[in-house]
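Below you'll find the structure, written out as structure tokens, and then a few comments.
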Amino acid sequence: MKLTALEIAVLRKMYMHNFIGEKHTSADNIPKGFPKHQRGEIKNSLKKLTRQGYVIPKVTSYGMEVSLNPKKIVEIRQLIGNE
């Protein structure tokens, strides 16, 4: 399945910050660092990546946390060009 440039940028950001498996961050932190006019699109991209299995959601009492799926890390590295 073909990913958009924004989806690849989200994966790259999460990979560079090492949010893989048990290390996660708030879903609200992912749009930070992107242009303000793209923040809604970034949130939609994060939802799409979750449906595709690249991102694992973790529901907590203080909000939604996300991390990269360690089972797909080889594929993610190829997608972001870090292989």
Additional length obtainable on full extension of the chain from residue 58 to residue 23, 0.36 nm per residue less Cα span: 11.5 nm
Relative pair counts by distance (%), Cα atoms of the chain, 10 Å bins: 18, 58, 23, 1
Amide H within-cut-off set for residue 64, under 5 Å, with H built and near neighbours excluded: 27
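Bear in mind these aren't lab numbers, they're just calculated from the coordinates by the rules spelled out. Keep in mind the model is a prediction, meaning the values are calculated, not measured.
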